[in-house]
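Note sheet for the following structure.
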6 protein chains.
Amino acid sequence: MPFVNIKLTGGKEAPTAEQKAELIKGATELLVRVLNKNPATTVVIIEEVDTDNWGVGGQSITERRKMG
Amino acid sequence: MPFVNIKLTGGKEAPTAEQKAELIKGATELLVRVLNKNPATTVVIIEEVDTDNWGVGGQSITERRKMG
Amino acid sequence: MPFVNIKLTGGKEAPTAEQKAELIKGATELLVRVLNKNPATTVVIIEEVDTDNWGVGGQSITERRKMG
Amino acid sequence: MPFVNIKLTGGKEAPTAEQKAELIKGATELLVRVLNKNPATTVVIIEEVDTDNWGVGGQSITERRKMG
Amino acid sequence: MPFVNIKLTGGKEAPTAEQKAELIKGATELLVRVLNKNPATTVVIIEEVDTDNWGVGGQSITERRKMG
Amino acid sequence: MPFVNIKLTGGKEAPTAEQKAELIKGATELLVRVLNKNPATTVVIIEEVDTDNWGVGGQSITERRKMG
């Protein structure tokens, strides 16, 4: 009955619906393979975060991408 | 001083403003009734997730809805 | 298929198993009543947070409780 | 390697890109100053929540703002 | 720079350190394979939740396990 | 009315109560300074994560620390 939450950058960098489907499938299979969890009750939620709203090293991703 | 986070499917399935108000009221009353928490400091946040971004059983809700 | 995450203070203030069961039941019923969600796929997770680790007004709950 | 998640009201109340950059910088500096964490691996994510979706005292922020 | 949060039941059902290492490795590889993300900045956090604190179908996992 | 959630490594690396108090104070002041938020309703929650349960670069922090 695990719950997986994946946060990643959205906007221009957002995954396609096909890529999201692969993430959902892959994360579910991982829980089944490693812990023998029931896939029917394994939930995966993908959250897309704007690059202005994601920071690392004290700077937003937007700023980092500009600097190359 | 509890904090309640409700994640549910959005887009066409999103709750109306009235339904969201009922969720906020109901979750707050639940914490007051069961644990005698102070409603003034009980916070409820509702997050709407696209059906492409929510998976269960290894498939997105979008795919599951198509299959009926 | 909603997901509810309740964070509240733990330690000496932690709810009993019976109170947790009431929170789980109540939150699930709320989603069923307001949005007609399927209870079988409604997940509720309760997280207990130490009063040292929870702050409001710039102070931890531990400090606030000391001040009365 | 800390992870900071800031949830705040969005929409008309959303911070500007400059304010978000300040939050990212400030939260990172806080972790460096207090815990000597490595800024290069300190992640900050800002989530903007609609005022209909944020409740306190049993009411949404939208309703509270109307009442003044 | 994705962030993956896996919540699963702990206590007697908690994964071993080896299983946790496999989850971390597998989730990171998934993000690399599907989205070409940089593994060096892919963060995975596993949270173990007591079976009293996890509910589904309106009942805690503890209660459900008792009923078989 | 912002909500700040800080996740960091616990166990031997856990911050002291004094350091947690500084994080709570500093995060609250940041929201007041940058966005003029009301400190009385600014909530900060610190979550301590075992180094076995935190991964980056496909490895747990426990493994990374062993390798130096």
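The values are calculated or read from the model by the stated rules, or taken from the named source; none is laboratory data. All figures in this text were calculated on a predicted structure; none of them were measured in a lab. Cβ: placed from backbone, ideal geometry, glycine included. Neighbour counts: every protein chain shown. Side chains are part of the model used for accessible areas, which takes the heavy atoms of the whole protein and leaves out ligands, DNA and RNA. Shrake-Rupley method; radii C 1.70, N 1.55, O 1.52, S 1.80 Å.
Can we say F:Lys12 is among the basic types (Lys, Arg) and in contact with a strand residue (DSSP E or B) (Cβ under 7 Å, 6 or more places away or on another chain)?
Answer is no for this residue.
Does the stretch F:55-65 include one or more residues that are facing chain C (nearest Cβ under 10 Å) and in contact (Cβ under 8 Å) with a residue 12 or more places away in the chain?
no
Out of contact with any Ser or Thr (no Cβ under 9 Å at 6 or more places or on another chain), within 21 Å of F:Pro15 (Cβ to Cβ), open to solvent by less than 50 Å² (accessible area, probe 1.4 Å) and among the polar types (S, T, N, Q): is that true of D:Asn5 in this structure?
So D:Asn5 passes the test.
If you go through the stretch F:17-28 one residue at a time, how many are open to solvent by 30 Å² or more (accessible area, probe 1.4 Å) and at the interface with another protein chain (Cβ under 7 Å from one of its Cβ atoms)?
Here the count works out to 4.
State all residues of the stretch D:1-51 that are among the charged types (D, E, K, R) and either modelled with pLDDT under 95 or in a helix (DSSP H, G or I) (or both); if no residue qualifies, say none.
Within the stretch D:1-51, D:Lys12, D:Glu13, D:Glu18, D:Lys20, D:Glu22, D:Lys25, D:Glu29, D:Arg33 qualify.
Mind listing whichever residues of the stretch D:52-66 are part of a helix (DSSP H, G or I) and out of contact with any strand residue (DSSP E or B) (no Cβ under 8 Å at 6 or more places or on another chain)?
D:Thr62, D:Glu63, D:Arg65, D:Lys66, listed by residue number.
Can you confirm whether A:Thr42 is among the polar types (S, T, N, Q) and open to solvent by 10 Å² or more (accessible area, probe 1.4 Å)?
No.
Quickly run through the stretch C:9-43 and pick out the residues that are touching a helix residue (DSSP H, G or I) at 6+ places or on another chain (Cβ under 7 Å), touching a residue at least 40 places away in the same chain (Cβ under 8 Å) and over 17 Å from E:Arg64 (Cα atoms).
Result: C:Thr9, C:Gly11.
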